[in-house]
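Undergrad: Handing you a structure now.
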Amino acid sequence: MAFLSPAWHTPGRTLPLAAFAGLLSPLAYAPFGWSWVAIVSPAVLFALIARAPSRLALWAGYVHGVCFYAAGGHWIWFSVGEFGGGPLAATIFCIILALCFGLITWLVVWLWLRLRPRSEILALLITLPAAWVLLEWVQGWIFTGTTWLQLGYSQTDSWLAGYAPLIGPLGISLLLAVMAGSLAWAALDWSRRNATVVVVGIVLVYGLGWAVDRPWTQPSGEPMRIALLQGNIAQDEKWEAETRGRTMALYAQLTQRYWGNADLVIWPETAVPAFMHQVQQEHLLPLAAEAEHHGTDLLLGLPVLDRQNGQVFNSVLALGSTVDFYHKRHLVPFGEYVPFREAFGNVLDVFGAPMSDFTPGWNSNTLTVGGHEVAVSICYEITFPGEVRAFLPRAELLVNVSNDAWFGTSIGPHQHFQIARMRAIETGRPLVRSTNTGITAAVDERGRVIAEASQFVVDALVVDVTPHQGMTPYARVGDWPVLGAFAVMLLVSAGLRLRR
C-alpha cells in the first residue's frame, strides 16, 4: 500500500498520522462508545512505527501518546480551571500532564525497539502488545497510579466484556493490543490470505468473549430497595457556610420519603459540607434516630477531622442498624492532597489544592447495611481493581459515592461511570452509585445499567438490587495470569533478539 511505503517515513507524514490516531482514541470510551477504535488507533501507530527509522518511531509514539492523553483527559481542565488556579493554571497543568503521559507511549516504542525480533509478525503480535500492556500496568501504580484510558475499559458494552471476570481489564487490553498488532501486520504485508486470517482471528476472539459471558456469582438474598440521592449542589457553593443548612435540609427532605420504604439510602461523597463534629448534634444524631426507628440504613459522605492529631479523612458514615465508618484509602493527587508538600509548601496549590490535605484510610472492612455486607469506594477508588477486590469475598454489593461536579459537562463523568461498570463485571457484584451531579446509577452483576438519573438535576433514584456472593476467577487471582503472559511474551522477544 502506498501510504506504507518508505516514502511515507518522513516526519511530515508519519507524525500527523500518529497525532490523528491519538486524537481518535477517546472515541473508544464513553460517552461515544466506538469500542472498535481501541483496535484501530493503536493499529495505525503500530503500522507507522514498524518500518520507520528508530528516531522517527520514537517521535511517532510520543506524539500519539500526547494527543491520546490530551484528548482523553481534557476534562481535568474543568477541575483546575473552574475550581483551582484558573484557566491559565489549568492550561499549563493539562499541557504538562499530556507531555508527561506521552512518555508512556514513547516508552512502549523504546522498549519495543530494544526487544523486537527480526520477524515482523512476531514483533507486532508479541513484542509490541506486551510492551503496551506492561506500560499500562506500570501506569496503574507508579506515583499512586491511574488506570484511566487503559484500552480494556473501552469494552464494557462489547463482547470482549465477557473476558473481564476471567482476566480483568488489563487482560482485555492485551487482547486488543494483539488484535491491533495483527491488523497492522495485515496492512503492512497485504494479501487476501493475510487479511482473511486476521479477520477470522478477530472474529474468533470476539466470539469467544460472547461464549464465556455467563453468571459467575449467585444471589445471596432477596433484592434490596435502595434510594440513591443526587443533590446537584454547585461545586463553587458547596463549602460556603451559608449553604450548609440548605444542603442538609435538601438531603434530609429527600431522605424523609424513604424512611421505612427502602432498605438503604445513600448520599453522595461529601454530601455533608462540614466536618462530622460540626453537624453531629444538630443533624447526624436525629438522622441516626430516624434510621434506627424506621429500619432504614443510611450511608452518607462527609469529611471527618480527628481532633487529637489533626488528621482529616474523606469518609462514608453508616447510620442505622450499625454505626460505622469507611475512610477513603486511595487519594487523588491535587484533588485531596498536594504531592511533595514538604518540599514545595503551598507553591503547587495553584493546580487545585483541597481544602485540607486528607489522610488515607487504612483498612478495607465492609460495612453492614440493609442486612448485607457492602464494599464502599469513594470517587477515584473505583478506578482501581485491587482496591475493590480487597473487599471480596465478604462484600455482596459495591457502593460508590462520588462528586463529579469537578468535571462539569465534560466527558469525565461518563468515563468514570464506565470504569465503575467494569468493577461490577469483573467481580460479579451489582454496583450502585450516588453522586452530587451525576452519573447516579445502578448496575447489575454483569455491568448492565438497571437505572440512571439525568445529570445536573436534583433526583432520588430508587432501585431494587439483588446482592451476590461467589468469586469470579479474576476476583481470586487478579492480574497475575496477565502479568505472567506478557512477561513470557517479553522474554520470548528478548530471547529471539539475543539469538539474532
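The values are calculated or read from the model by the stated rules, or taken from the named source; none is laboratory data. Everything numeric in this text was worked out from a predicted model, so none of it was measured. No Cβ is skipped: glycine too gets one built from the backbone with ideal geometry, and neighbour counts run over all protein chains shown. Only protein heavy atoms, including side chains, enter the accessible area calculation; ligands, DNA and RNA are left aside. Shrake-Rupley method; radii C 1.70, N 1.55, O 1.52, S 1.80 Å.
Undergrad: Hand me the list of helices (runs of 4 or more DSSP H) wholly inside the range 113-231 holding 3 or more residues that are more than 24 Å from Glu396 (Cα to Cα) and over 27 Å from the mean Cα position of the chain (by Cα).
TA: 164-188, 192-211
Undergrad: Of all residues in the range 353-403, count the ones that are charged (D, E, K, R), modelled with pLDDT of 95 or more and farther than 24 Å from Ile167 by Cα.
TA: Of the residues in the range 353-403, 1 are charged (D, E, K, R), modelled with pLDDT of 95 or more and farther than 24 Å from Ile167 by Cα.
Undergrad: Follow-up question, since we're still on this one. Which ones in the range 229-258 are out of contact with any helix residue (DSSP H, G or I) (no Cβ under 6 Å at 6 or more places or on another chain) and among the polar types (S, T, N, Q)?
TA: Those that are out of contact with any helix residue (DSSP H, G or I) (no Cβ under 6 Å at 6 or more places or on another chain) and among the polar types (S, T, N, Q): Gln230, Asn232, Thr243, Thr247, Gln253, Thr255, Gln256.
Undergrad: Quick check, is Gly231 in contact (Cβ under 8 Å) with a residue 60 or more places away in the chain and crowded, with 18+ Cβ neighbours inside 10 Å?
TA: Criteria met by Gly231.
Undergrad: Same structure, new question: Select from the range 472-500 the residues that are open to solvent by 40 Å² or more (accessible area, probe 1.4 Å) and part of a loop (DSSP other than H, G, I, E, B) and list them in ascending order.
TA: Once the filter is applied, which keeps residues that are open to solvent by 40 Å² or more (accessible area, probe 1.4 Å) and part of a loop (DSSP other than H, G, I, E, B), the range 472-500 yields only Arg500.
Undergrad: With respect to the numbered conditions (1) open to solvent by 60 Å² or more (accessible area, probe 1.4 Å); (2) modelled with pLDDT under 95, which one is the sole condition not fulfilled by Pro117?
TA: Going through the list (1) open to solvent by 60 Å² or more (accessible area, probe 1.4 Å); (2) modelled with pLDDT under 95, Pro117 breaks only (1).
Undergrad: Assuming Trp185 fulfils every condition listed in (1) within 30 Å of Phe384 (Cα to Cα); (2) of a type outside the set (A, V, I, L, M); (3) crowded, with 23+ Cβ neighbours inside 10 Å; (4) out of contact with any strand residue (DSSP E or B) (no Cβ under 6 Å at 6 or more places or on another chain) apart from one, which condition is it?
TA: Failing condition for Trp185: (1).
Undergrad: With the checklist (1) assigned to a strand (DSSP E or B); (2) surrounded by 24 or more Cβ atoms within 10 Å (Cβ to Cβ) in hand, flag the one item Met422 doesn't pass.
TA: (1)
Undergrad: Now, a different point. Looking at Ala98, Ala90, Ala47, which is the one that is buried (at least 22 other Cβ atoms within 10 Å of the Cβ), out of contact with any Leu (no Cβ under 8 Å at 6 or more places or on another chain) and closer than 23 Å to Pro26 by Cα?
TA: After applying the criteria, what remains is Ala90.
Undergrad: Go through the residues of the range 430-439 one by one and say whether even a single one is buried (at least 24 other Cβ atoms within 10 Å of the Cβ) and part of a helix (DSSP H, G or I).
TA: Within the range 430-439, not a single residue is buried (at least 24 other Cβ atoms within 10 Å of the Cβ) and part of a helix (DSSP H, G or I).
Undergrad: Name the single residue that is surrounded by the most Cβ atoms within 10 Å (Cβ to Cβ) among those in the range 50-66 being in a helix (DSSP H, G or I) and of a type in the set (A, V, I, L, M).
TA: Residue satisfying both the conditions and the ranking: Ala60.
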